[in-house]
Amino acid sequence: MAPKRITIVEVGPRDGLQNERALVSTADKIAFVNLLSAAHLPVIEVSAFVSPKWVPQMADAAGVFAGITRPAGTRYTALVPNLAGLDRALASGVTEIAVFASSTETFSRKNINQSIDESLATYRQVCGRALAAGLRVRGYLSTAFGCPFEGDVAPARVADVAVRLAELGVFEVAISDTIGVAHPGQVSRVLDAVLAQLPAERIALHFHDTRGTALANVLAALPYGIATFDASAGGLGGCPYAPGAAGNLATDDLIYMLSGMGIETGVSLTKLSEASAFIGSKIDHPLPSKYAQAAASKKS
Ligand code: HMG
Ligand code: MG
């Protein structure tokens, strides 16, 4: 049965802004996160403590964490690729992190310069230290529905790496459609394989919307009892190491659909659209006008 309440993980400040050509200032990122907090997003992925040489857009992770207000009721998280990243996250007072592995070897190499086995060995160290320090750790599993370099990915392979990630102690594995090619039939096949090994409570789904199938994919996943979905305000997003990756599923559209179905998220769509319109005005290309409507109508 479909869950009555869904947790939305807002990834716009990280997955969205990591892929923007124009650098958004630290002050604007802080204002964006604070607007998302005001919309009552339950989880906000604020930034990434990755190498600034690899992703310059996230170089100011510490500055963003230092500037945001963190009201109780929202969890603030960040990507961490290695122990150096964990040290930086701990110094910023971060209480939740996410490690990120891949279902395919080529993407793993391109994204983090390690094979899947090497990355899981790194994450074993990161998780060990983070869990001992009392942090919550999430695990992403990229290219679960297709790889920009290797093409199709067998669901059994996805389930295999998901289990290996789960064994590291992550509270949740976010099965991710890095390049936005998933469709509902494939969602069913991947979930059949993954849920044969892990309970639905430990699975989240992370869709990009290249093909316009992200909302349909959520609909396909609800009957499986999946209750956590990632999305980004205004549909910002992509991955600098995944050619062709488009924006994430738009948080705005996800809330609209779920609320119409009587499924609660606890997020204010009006407040969220203020955040979407704000960040839309700080990047060098327009977001679709539907994401700026609430704020625009306020101005007039
Ligand atoms: P590397 O070059 O193999 O590692 O990168 P290294 O240890 O040789 O480090 C290179 C330099 O970076 C060194 O500096 C390190 O000190 C520094 P130098 O000595 O040359 O001056 N460095 C760091 N600095 C700050 N923080 C750190 C850090 N680590 C090293 N944590 C590495 C390996 C993993 C570091 C690199 O490949 C990396 O940072 N990759 C991250 C790429 C990334 O962020 N991709 C996007 C996020 S994943 C994604 O979008 C998918 C997702 O949305 C789900 C989905 O949709 O599929 C999550
Ligand atoms: Mg992503």
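The values are calculated or read from the model by the stated rules, or taken from the named source; none is laboratory data. Being a predicted model, the structure only gives us computed values, none of them experimental. A quick note on method: Cβ atoms are made from the backbone with ideal geometry, for glycine too, and the neighbour counts reach across all protein chains shown. When the accessible area is computed, the model is the full protein with side chains, heavy atoms only, and any ligands, DNA or RNA have been set aside. Shrake-Rupley method; radii C 1.70, N 1.55, O 1.52, S 1.80 Å.
Positive end of the dipole of the chain, charges at C-beta (+1 Lys, Arg; -1 Asp, Glu), about the Cα centre: which of 285, 39, 258 has its Cα farthest in that direction?
39
Which residues' amide hydrogens lie under 5 Å from the amide hydrogen of residue 203, considering only partners 5 or more residues apart or on another chain, with H built in the peptide plane?
173
With charges only on Cβ, +1 for K and R and -1 for D and E, what is the dipole size of the chain about its Cα centre, in debye, rounded to 20?
Working: 25 positive and 26 negative charges, 102 e Å.
Here the chain has a charge dipole of around 500 debye.
How many lysine pairs are close in the chain, with Cα atoms under 24 Å apart and the two 8 or more places apart or on different chains?
Lysine pairs satisfying the spacing and distance rule in the chain number 18.
Run the simple label-point estimate for residue 281 and residue 2 please: 7 Å along Cα→C-beta, distance reported in nm.
3.5
Quick one: length gained pulling residue 197 to residue 27 fully straight, 0.36 nm per residue minus the C-alpha distance?
Here the segment from residue 197 to residue 27 would lengthen by 56.9 nm.
Sum up the charges of everything whose Cβ sits under 10 Å from the Cβ of residue 247, counting Lys and Arg as +1 and Asp and Glu as -1, but leave residue 247 out.
-2
Scanning the chain for helices, which whole DSSP H stretches are 20 Å or more long along the axis (Cα) and average 0.0 or more by Kyte-Doolittle? All intermediate terms of the calculation are to be shown ahead of the outcome.
On the way: long enough: 116-132 (23 Å, 0.09).
Going by DSSP H runs, the hits are 116-132.
Need the full-extension length gain, residue 91 to residue 189, defined as separation in residues times 0.36 nm minus the C-alpha distance. One decimal, nm.
Between residue 91 and residue 189, full extension yields an extra 31.2 nm.
Count charges around residue 158 for me, please; just the other residues with Cβ under 13 Å from its Cβ, Lys/Arg as +1, Asp/Glu as -1.
-2
Sort 224-232, 132-140, 255-263 for me by packing, meaning the mean count of neighbouring Cβ atoms within 10 Å per residue, highest on top. Display every interim value, and only then the final one.
Details: 224-232: 23.4, 132-140: 17.7, 255-263: 14.4.
Going by the mean number of other Cβ atoms within 10 Å, highest first, we get 224-232, 132-140, 255-263.
Output wanted: per-residue J couplings in Hz (rounded whole) for segment 133-145, from phi through Karplus 6.51 cos²θ - 1.76 cosθ + 1.60, θ = phi - 60°, x for Gly and Pro.
3J(HN,Hα) across segment 133-145, in whole Hz: 7, x, 7, 8, 10, 9, x, 8, 10, 7, 6, 7, 10.
Please calculate how many Å² of accessible area the chain carries per residue, with a 1.4 Å probe and no DNA, RNA or ligand atoms counted.
39
Could you tally the net charge around residue 208, taking each other residue with its Cβ under 14 Å from the Cβ of residue 208, Lys/Arg +1 and Asp/Glu -1?
Surrounding charge for residue 208 is -3.
Per-residue counts of other Cβ atoms within 10 Å, averaged by peptide: what ranking do you get for 172-182, 264-274, highest first?
With the highest mean Cβ count within 10 Å placed first, the list reads 172-182, 264-274.
Considering the zone a paramagnetic label at residue 149 would reach in this model (a point 7 Å from Cα along the Cα-to-Cβ line), which residues of segment 213-253 have amide N under 13 Å from it?
241-243
For segment 143-226, what % of the accessible area comes from carbon and sulfur atoms, probe 1.4 Å?
51
Any idea how far the Cα center of segment 184-231 sits from the one of segment 123-144, in Å?
So the two Cα centres are separated by 21 Å.
Test of understanding: what is the full-extension gain from residue 167 to residue 257, defined as 0.36 nm times their sequence separation minus their Cα-Cα distance? If you can, show how the numbers build up before the last one.
Values: separation 90, 0.36 × 90 = 32.40 nm, distance 3.38 nm.
Taking residue 167 through residue 257 to full extension adds about 29.0 nm, to one decimal.
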